[in-house]
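The values are calculated or read from the model by the stated rules, or taken from the named source; none is laboratory data. Remember, predicted model here, so these are calculated numbers, not experimental data. Counting neighbours? That spans all protein chains shown, and the Cβs are built from the backbone with ideal geometry, glycine included. Please note that ligands, DNA and RNA were not included when accessible areas were found on the heavy atoms of the full protein model with its side chains. Shrake-Rupley method; radii C 1.70, N 1.55, O 1.52, S 1.80 Å.
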Amino acid sequence: MIKIKNRNGSDAEKITSLNIRHVTKHFPGIIANDDVSMDVGEHEIVALVGENGAGKTTLMNILMGLYRPDSGCILVNGMPVEFSSPDDAFAAGLGMVHQQYMLVHNMTVLENIALGCRNMWSFLHLNLPAVRKRIYDISGRYGLSVDPDAYVWQLSVGEQQRVELVKTLVLGARFLILDEPTSALTPQETEDLIGLISSMKQEIPVIFISHKLDEVKRLSDRIVILRHGKVVFTGRTADYNAADIAAKMTGHEIQFPRNTMQIVSDKTILDIQHLDVKSDRGYLAVKDLSLRIREGEIVGLAGVSGNGQRELCEALTGLRSSAGGKILFCGSDLVNQPVWHVIEQGMGYVPEDRDEEGIVPPFTVRENFLLKDSSSSRYAWHGFLNQKKITTDAGHLCQSFDVRCSDIYTAAGSLSGGNIQKIILAREISRQPLFLVAMYPIRGLDMGAAEYIHRLLLKERERGMGILLVSEELDELLDLSDRIAVIFKGQIQKILDRKDATYRNLGILMAGLREEKGAAK
């Protein structure tokens, strides 16, 4: 097996080729990888794409020693390797930024990164100043700003993803696997990362997993497409456009819907007045924020991650106390009301972190559907659950919302990101809420799942539901929103009608600029 002398990569052997040969992996009731073969050469970026659940992450987890293949082999620089643990993969020079973050939430960024820095130990003492210096060196070199002293639980999803990338680079990866690395990044951060990866391929081969086909086109030299665990296509990326790639991924043409309907109601359903909300660190993350949303209206909230979106949405749904202001929902003030009361009033919520906040991963699909209704008269009578009704409805929801699982007794945490998101949406929408707070509803999803969710949101809008759509994807905001509010440092910069919103003026406002010469304010 290929080894490196330490965990910071200073003496690592350069990886010039990686070959996957006939790898198969079974899980109960499903074949995640079915006779998969692919190659990555020196100075090459290979994009691995496919729908959620196609087997991409499973294959990469095999490469990183988290899973053992049932059959097949892996070759690094032409030599067969067997990875029994992530330590073996690190020893071979492989590093991965996972879509689901491998961070300890109650530890600082510095402590999380230090966990893997074995070469920083001396005489039973961890040299934290040396780890800190390494973090600053990597952060400065690649423009990936992180705060070593911040606790992970205090960070936004986008900030956590940057920590993961810094951690992998600090540990000295000589072959980089990026699983949806831009799913939580701002447009500017994405541009910076694309530039970084493009320059890194001269010394580090890369496997790049993404559902954003424009990034796949810009970054990759070759493309490998998985569908239902099998390789269905391999070719040069330059020979195919994004539409061709999407069709090969899904087996059909993708057409995203657009909001072309007029608002038919002038009734305000949610009226936020001068709201103040504190962050976990005690400062005001939301300051004097006011926003009105009508029945049957989608208001998009655009902004760089970490500008108060999470705090605002948690205040609206009762998960966080407010320091001042009002949240008038159908005329009733929800400020500092308990979560159960907010839910009963008709508020639905799609959280930012679907795995930690949207589901209980060990619970079955059936149980996750029931989370908000276990004591409702629909499913319970004098404390006894109507198991038959629960099972019947769970089956109907799986079918109606296209949740792909072996059965309703499958652990929800074992499903792909797209199917987890469908579970959350099925649970929230089937309750027919009056209003839905949707945070990054298509983050990390394939184009087929994203298309489905967009159609679902527009259908609910037509039914009369008000929706606050939080997203960093400008295409998503422009396609779905009736109006777009731009948030910066906890305040609304400006609210634009859909017809007046452009990539340029949204980007300017997201950067904190209120106007530009020659542009309409």
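Computed on the Cα atoms alone, the convex hull of the chain gives a volume of 163 cubic angstrom per residue. Put simply, the amide H of residue 325, placed in the peptide plane, has neighbours under 5 Å in 276, leaving out anything fewer than 5 places away on its chain. Annotation: aspartates and glutamates with alpha-carbon distance below 20 angstrom to residue 133 (same-chain offsets under eight excluded): 11, 111, 147, 149, 159, 164.
With +1 on the Cβ of every Lys and Arg and -1 on the Cβ of every Asp and Glu, and nothing else charged, how large is the dipole of the chain about its Cα centre, in debye rounded to the nearest 20?
In debye, rounded to 20, the chain gives about 240.
A simple packing score, the average count of other Cβ atoms within 10 Å per residue, orders the peptides 368-374, 148-154 as 368-374, 148-154, with the highest score first.
Could you order peptides 216-223, 494-501, 297-304 by the average number of other Cβ atoms within 10 Å of their residues, highest first?
The packing order, highest mean first, is 297-304, 216-223, 494-501.
For the listed residue pairs 167/248; 278/372; 267/389; 248/422; 212/278; 388/422, the alpha carbons are over 31 angstrom apart in 167/248; 267/389; 212/278.
Per-residue Karplus couplings for region 365-374, computed as 6.51 cos²θ - 1.76 cosθ + 1.60 with θ equal to phi - 60°, are listed in order as 4, 4, 5, 5, 4, 8, 3, 8, 10, 5 Hz, Gly and Pro entered as x.
Just the number please: accessible area per residue for region 123-183, 1.4 Å probe, all protein chains included, in Å². Before the final figure, lay out the partial values.
Working: 2440 Å² over 61 residues.
Accessible area per residue, region 123-183: 40 Å².
In the full protein context, region 436-499 carries 29 Å² of accessible surface per residue, based on a 1.4 Å probe and ignoring ligands, DNA and RNA.
If you take the square roots of the eigenvalues of the alpha-carbon gyration tensor of region 169-239 and sort them as a ≥ b ≥ c, do you get rounded (a/c under 1.5), prolate (a/b over b/c) or oblate? Prolate, since a/c reaches 1.5 and a/b exceeds b/c. Please give the residues of region 407-449, grouped as numeric ranges, whose backbone N is less than 15 Å from a label point set 7 Å along the Cα-to-Cβ vector of residue 27. Those under the cut-off are 407-423.
Would you mind getting the Kirkwood hydrodynamic radius of region 284-358 from its Cα pairs, rounded to one decimal in Å?
Values: mean 1/r = 0.0749 Å⁻¹.
Answer for region 284-358: a Kirkwood hydrodynamic radius of 13.4 Å.
According to the square roots a ≥ b ≥ c of the eigenvalues of the Cα gyration tensor, what is the shape class of region 343-438, taking rounded for a/c under 1.5, prolate for a/b larger than b/c otherwise, and oblate for the remainder? Since a/c reaches 1.5 but b/c is at least a/b, the shape of region 343-438 is classed as oblate.
Of all accessible surface on the chain at a 1.4 Å probe, what whole percent is carbon and sulfur?
Numbers: 11320 of 22450 Å².
That share works out to 50 percent.
Taking every DSSP beta bridge that has both ends in the chain, the antiparallel portion is near 60%.
Quick check for me: using +1 on Lys/Arg Cβ and -1 on Asp/Glu Cβ, what's the dipole size of region 15-66 about its Cα centre, in debye to the nearest 20? List each step's numbers first, then the result.
Numbers: 3 positive and 6 negative charges, 40 e Å.
Using Cβ point charges on Lys, Arg, Asp and Glu, region 15-66 gives about 200 debye.
Would you work out if region 340-380 is rounded, prolate or oblate? Take a ≥ b ≥ c from the square roots of the eigenvalues of the alpha-carbon gyration tensor; rounded if a/c is under 1.5, else prolate when a/b is larger than b/c, oblate otherwise. Intermediate values should be presented prior to the final figure.
Working: a/c = 3.06, a/b = 1.18, b/c = 2.60.
The shape class here is oblate.
Projecting the Cα atoms of 408, 72, 371 onto the charge dipole of the chain (Cβ charges, centred on the Cα centre) puts 371 farthest toward the positive pole. Only lysines eight or more places from residue 25 in sequence, or on another chain, were considered; those with a Cα closer than 16 Å are 56, 230. With unit charges on the beta carbons (Lys and Arg positive, Asp and Glu negative) and the dipole taken about the Cα centre of the chain, which residue among 450, 209, 345 sits farthest to the positive side? About the Cα centre, the residue reaching furthest to the positive side is 345.
When the expected Rg is taken as 2.2 N^0.38 Å, what fraction or multiple of it is the alpha-carbon Rg of region 206-306?
Details: Rg = 21.6 Å, N = 101, 2.2 N^0.38 = 12.7 Å.
That works out to 1.70 for region 206-306.
Proximity of backbone amide H atoms, modeled 1.01 Å from N, is registered between residue 294 and 269 at under 5 Å, excluding neighbours fewer than 5 places apart on the same chain. Residues whose amide H falls under 5 Å from that of residue 67, counting only those 5 or more places apart or on a different chain, are 62, with hydrogens built in the peptide plane.
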